[in-house]
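Take a look at the structure set out below.
Where a number appears in this text, it was derived from the coordinates with a stated rule and is not lab data. On a predicted model such as this, the values are computed, not experimentally measured, just so you know. FYI the Cβ positions are ideal-geometry reconstructions off the backbone, even for glycines, and counts take in every protein chain you see.
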């Protein structure tokens, strides 16, 4: 998967497997019972999470969420989503909402100042700074994803290893 050409921060993939969904879920259940030196497998219903173990995890380490859907008796559809650590993702979303809130507040203040014929220079500057911060957060998230790319490849190899077992 070439992540440099993707604009989204949370990469997705879809895969159709010519196997029964119960058999695939059983493979992941079997691997969750085995101790791996690098990966942890968690399963809940038809959802599976593949994580890097705690001792090898960094703040940029990705995890892989899989959703197993039965397409027919002999075919299964798998939806995969690579994402950052949920705590980091929540922090980034919190920052985005704060920046958006400040932007909207100063947008309303600029409109009020404009109607009242007051100078709006400070309001425009702060809105510009918030826009700049949005871009900085995006590129920061992109660099975090790039650091986690080797571990993402490892998760993908482990995922395919489980499917082939």
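Round to a whole angstrom and tell me the spacing of the C-alpha centers of region 68-118 and region 22-41.
After rounding, the separation between the Cα centres reads 32 Å.
Angle between the Cα long axis of helix 121-147 and the longest principal axis of the chain, 0 to 90 degrees, nearest 10?
Between helix and principal axis, roughly 20 degrees.
Please compute the volume of the convex hull spanned by the alpha-carbon atoms of region 88-143 and report it per residue in Å³.
It comes to 49 Å³ per residue, whole-number rounded.
Take the Cβ-Cβ distance between residue 54 and residue 17 as r, set R0 to 41 Å, and report the resulting FRET efficiency rounded to the nearest 0.05. Could the numbers behind the result be given before it?
Details: r = 30 Å, r/R0 = 0.72.
With R0 = 41 Å, the Cβ-Cβ based efficiency is 0.85.
Could you tell me how many degrees, from 0 to 90 and to the nearest 10, lie between the Cα long axis of helix 149-164 and the main elongation axis, the longest principal axis, of the Cα atoms of the chain?
On a 0 to 90 degree scale, this one is about 30.
Between 0 and 90 degrees, rounded to the nearest ten: what's the tilt of helix 86-115 against the longest Cα principal axis of the chain?
The answer is roughly 20 degrees.
At R0 = 41 Å, how high is the FRET efficiency between residue 73 and residue 161 if r is their beta carbon distance? Nearest 0.05 is fine.
Given R0 = 41 Å and the Cβ-Cβ separation, E is 0.95.
When the helices in the chain are scored as -39500 (n - 2.57) per DSSP H run of 4 or longer and the sum is shared across all residues, what 222 nm value do you end up with, to the nearest 500 deg cm²/dmol?
Roughly -18000 deg cm²/dmol at 222 nm, from the helical runs in the chain.
With a cut-off of 19 Å, note down the residues of region 122-147 whose backbone N falls inside the zone around a label point 7 Å from the Cα of residue 87 toward its beta carbon.
141, 144-145
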